[in-house]
Amino acid sequence: MLPAALPKARIFTYDWNANYFADAPVQTLLGHADTLLGLVAEGRDSQTRPIIFVTSCFGGLILAEEGSPYRHILLSTVGIVFLATPFHGSDAAKQARWHVLVAGIMGEQASKQLIQDLEQKHDFVRQRVQKFTEIANAEAVRLPLSCFFETRKTEMLRRILSRGWAKKLSTGVTHKILVTESSACLHGFPRQGLDTTHSYINKFRGPQCPNFKLVKDAVSQLAGNASAVLTRRTNSAVKRHWIVPFGRNKDFVGREAILTDLVARIFPGRDEHDCQRTVIEGLGGVGKTQIALEAAFRIGDVHPDCSIFWVPAVNATTFENAYRAIGQQLKVPGIDEADADIKGLVKVALSQESAGSWVLIIDNADDTELFFGDAALADCLPFSRKGSILFTTRNHELGVRLAESEGRISVEEMSRDEALKLLQKNLKGDQMSDTRSNESLLEFLANLPLALRQASAYMAKKQISTAQYLELCNSSDEDMIELLSRDFEDRHRYKSIQNPVATTWLISFRHISDHDPLAADYLKFMCFLAGKDIPQSLLPPAGRLETVDALGILKAYAFISQRNKSDTYDIHRLVQISMLSWLARDGKQEEWAAKVLQRLDGAFPFPEHNNREEWIRYLPHTQHALRLRKGTDDNEGTAYLLLKVGESFNNLGKYEEAEQMHRQALQLWEKALGEEHPDTLRSMSNLANVLNRQGKYEEAEQMHRQALQLWEKALGEEHPDTLSSMNNLAVILDSQGKYEEAEQMHRQALQLWEKALGEEHPDTLSSMSNLANVLDSQGKYEEAEQMHRQALQLREKHPDTLSSMNNLAVILDSQGKYEEAEQMHRQALQLREKALGEEHPDTLRSKNNLRRLLKARTKSNSDS
């Protein structure tokens, strides 16, 4: 019937078997586009003959997959008629419902695999339909379309039952319109209903059939307008320009969510009233340029009439050179003259409607001064409602000035799966056979794309495994910096700019140093601290506004990130190591180490119970900074800081760490002040006390005897420091079972404490408790109990009170006074858990004492 209506047309049919796809994915079904368009290309006798497609149901989805290799067919197509094509599934209001549609069409032969795949890949189909709609609406194409939809319901039971059974069981519920109007029609194009069911949408009773007449009239109208459509395309065609310095990156992986969002945003003409502006921002090396590059190619695929221009904004020269290349390709008059205003000429040319659709990608827009200072590059940006500008920047503050908040996309490290795929590029299977090493390396490199590319290139070149590369990274900071600083070949990055991740960050740091010295100082300072949870209060003090500005710049460059609703920050570990390398190379690492330690010494309080929260926050950062010191002239300041850190670990019951700190402090005191200086002797006593807590009694006793002799020599027998030393030695003697000597020394110390400081002084009470402990060890329970009760009554609410309580409970236990002892043990345990934590050695001792008491009571009760 159609040949009679269009006698001059060559009519071809293309049929495909839906059952063929019983076990095939939806990509295979949609991939029929290549076959169809390939046959059309072969069968054409003239490149100028117009083409009209009439397609039914799934055939419409096949046609909607038109690919760029067949652009000549697209430009020769003057119309398409869609007959109930399910662009949005069976029911757009009910999430596609592909199972209803496929079952309704194919009946009992319906492919469960095809239904499942269409359900799961609904977004995939939707994206393809959206892409086709954008192509059809493109200025260079403007493809005429007509969409038809069924208006009669299909009896679903007929697809699986005989006519008789279907008629018996038929109800209103079993009748459905398979492809509704909302699903079958594309927005903005003509639509028409046909009085038929879905099965008969492409079947007609004869030339006089009303449905056939509607479809025939639509096809005839397309044929009648064919010449005008082709002429309009020829006359309105604007030459597409492509100035992108890189080819498509075949190693690009992941980032699909970002790219989908980005391509939709930067589509030229998306906002008919404005020139689009979009910013991709993130840390150097996070992959901004590669995302922009992939987006450029995707825009080129979807909008073949759109020109793409790429401008590196590394400096004013690279910007102007890129603008000159654009002007030359656009044949802008005067562009090659010696005194030409290159940027002004190109701005005017791209701002004109005749320039057509374009995307201008300005890469590495990092320098605020370059855009808003004397160079004023921001004033050189064109404006066209057919244009779109995409910036990449590592400077958030500049990004805020270049685009509105809804136009900014923040890029972070890759997901673990994306990072693994990128690392695998160019590596052989045996190089990544160690799964644990692969995971550890990804964590070590923080899923940062540039670091992963650098690592992958090195491993491929040296033919080493991920395990071997990880071993090199962990061997020393120097080796890792060497790896991070090695250049590597990358065809998709600028030849004039070195590729290593360390070098990339150095460029950012120089920008920061030039514009905000305080921010640069803060970054240097943070590189000596632990990377997580850095309190702002630890940073060198400055004016409130200056501090906010400095931290804002570091956050803008993504070197640091602020924790939610807090005054603490995190810094990227690789950034820390790179910064330390730059300081070492400039001969400034020791200088900054000394500055950091000096600041920490001033900020870190002497650890007490009432300031516990503060020193616990500072402890990991101070410990990290102390590990990084390679030498400093301020031995006294560092020694005092080591003392405070050592006492912090001692309070936490971490005696090995405390011993390390106190040994280092003692070495510095001896070097700075000599062996007999009071500060040296205090340090010696602190170390001996920690040794005692670890059971290293002989070394502790020797050290305490030496300290006591020197105290008596320097300050006399009655000085408080001498008495403290005497007390410490007596405690060690008690620990070793030397009770008589210990008792004698404790009695002497107690008398002198009472004489020097009075009976209620904390040091006097400590001495009293120590003497009571020795009496307890010798079985002198009554005197010991009396002394412990006196000490407990005189002490205020203080951690030492818990020691007195615990000691008294032990004495009561020894005397068989179990009820009072149990009550006191429980009270001491409860208070110690609150004050010291459940894992502190003193808390564990209280638990053990209570456990032992309860066991003794049980045994006593059973014996009686």
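Can you name the condition, by its number, that PHE204 falls short on among (1) over 30 Å from ILE291 (Cα atoms); (2) part of a helix (DSSP H, G or I); (3) out of contact with any His (no Cβ under 6 Å at 6 or more places or on another chain)?
Condition not satisfied by PHE204: (2).
Hey, LEU283 hits all of (1) of a type in the set (A, V, I, L, M, F, W, C); (2) at pLDDT below 85; (3) closer than 14 Å to GLY407 by Cα but one; which does it fall short on?
(3)
Which residue, of LEU643, LEU580, is in contact with a Cys (Cβ under 7 Å, 6 or more places away or on another chain) and either closer than 25 Å to GLU838 by Cβ or assigned to a helix (DSSP H, G or I) (or both)?
LEU580
Kindly list the number of the only condition in (1) on the phi > 0 side of the Ramachandran plot; (2) buried (at least 16 other Cβ atoms within 10 Å of the Cβ) that fails for ASP533.
(2)
Assuming TYR618 fulfils every condition listed in (1) farther than 22 Å from LEU681 by Cα; (2) without any contact (Cβ under 8 Å) to a residue 40 or more places away in the chain apart from one, which condition is it?
Evaluating TYR618 over (1) farther than 22 Å from LEU681 by Cα; (2) without any contact (Cβ under 8 Å) to a residue 40 or more places away in the chain leaves (2) as the failure.
How many residues does the stretch 426-450 hold that are part of a loop (DSSP other than H, G, I, E, B) and either surrounded by 13 or more Cβ atoms within 10 Å (Cβ to Cβ) or in the same structural domain as PHE252 (by TED's automatic domain parsing) (or both)?
Residues meeting the conditions: 7.
Please tell me if GLU256 is of a type outside the set (Gly, Ala, Ser), outside the structural domain of LEU448 (by TED's automatic domain parsing) and touching a residue at least 12 places away in the same chain (Cβ under 8 Å). Walk me through how you get there before you give the answer.
Numbers: of a type outside the set (Gly, Ala, Ser): yes; outside the structural domain of LEU448 (by TED's automatic domain parsing): yes; touching a residue at least 12 places away in the same chain (Cβ under 8 Å): no.
When the stated conditions are applied, GLU256 does not pass them.
What number of residues within the stretch 299-342 are in contact with a helix residue (DSSP H, G or I) (Cβ under 6 Å, 6 or more places away or on another chain) and over 18 Å from VAL244 (Cα atoms)?
3
Looking at (1) modelled with pLDDT of 85 or more; (2) not in a loop (DSSP other than H, G, I, E, B), can you tell me which one TRP505 breaks?
Here TRP505 meets the rest and fails (1).
Evaluate the stretch 332-349: report whether one residue or more is touching an Asp or Glu at 6+ places or on another chain (Cβ under 7 Å) and within 21 Å of VAL400 (Cα to Cα).
No, the conditions are met nowhere in the stretch 332-349.
Could you please tell me which pairs satisfy a Cβ distance under 7 Å, a separation of 6+ or placement on different chains, a first residue in the stretch 539-559 that is modelled with pLDDT under 90, and a second residue that is β-branched (Val, Ile, Thr)?
Within 7 Å, the pairs are ILE553/ILE512; LEU554/ILE560; TYR557/ILE512; PHE559/ILE571; PHE559/VAL575.
Between residues in the stretch 276-300 that are free of Cβ contacts under 8 Å to residues at least 40 places away in the same chain and residues that are part of a helix (DSSP H, G or I), which pairs lie under 8 Å by C-beta distance while being six or more apart or on different chains?
If the second residue must be part of a helix (DSSP H, G or I), the pairs left are ARG298/LEU259; ARG298/VAL263.
Listed residues GLU760, GLU783; which is over 14 Å from GLU718 (Cα atoms), modelled with pLDDT of 75 or more, surrounded by fewer than 24 Cβ atoms within 10 Å (Cβ to Cβ) and not basic (Lys, Arg)? Reasoning before the result, please.
Details: GLU760 fails: modelled with pLDDT of 75 or more.
Being over 14 Å from GLU718 (Cα atoms), modelled with pLDDT of 75 or more, surrounded by fewer than 24 Cβ atoms within 10 Å (Cβ to Cβ) and not basic (Lys, Arg) holds for just one of GLU760, GLU783, which is GLU783.
Can you pull out every residue in the stretch 347-387 that is touching a Leu at 6+ places or on another chain (Cβ under 9 Å) and more than 30 Å from HIS515 (Cα to Cα)?
Hits for the stretch 347-387 are ALA349, LEU350, ALA355, TRP358, VAL359, SER384, GLY387.
Answer yes or no as to whether SER199 is of a type outside the set (Asp, Glu) and at pLDDT below 90.
So SER199 passes the test.
Of the residues GLY247, GLY282, GLY300, which is small (Gly, Ala, Ser) and surrounded by 20 or more Cβ atoms within 10 Å (Cβ to Cβ)?
Step by step, each of GLY247, GLY282, GLY300 is checked, and only GLY282 is small (Gly, Ala, Ser) and surrounded by 20 or more Cβ atoms within 10 Å (Cβ to Cβ).
Tell me, which strands (runs of 3 or more DSSP E) wholly within the stretch 339-413 include 1 or more residues that are farther than 29 Å from ALA558 by Cβ? If you could, list the steps in order and put the result at the bottom.
Details: elements: 358-363, 387-393, 408-410.
In the stretch 339-413, the matching strands (runs of 3 or more DSSP E) lie at 358-363.
Is one or more of the residues making up the stretch 670-679 part of a helix (DSSP H, G or I) and buried (at least 20 other Cβ atoms within 10 Å of the Cβ)?
There is no residue in the stretch 670-679 that is part of a helix (DSSP H, G or I) and buried (at least 20 other Cβ atoms within 10 Å of the Cβ).
The values are calculated or read from the model by the stated rules, or taken from the named source; none is laboratory data. This one's a predicted model, so the numbers in the text were calculated from it and none came from an experiment. So basically every Cβ, Gly included, is an ideal-geometry build from the backbone, and we count neighbours across all protein chains shown.
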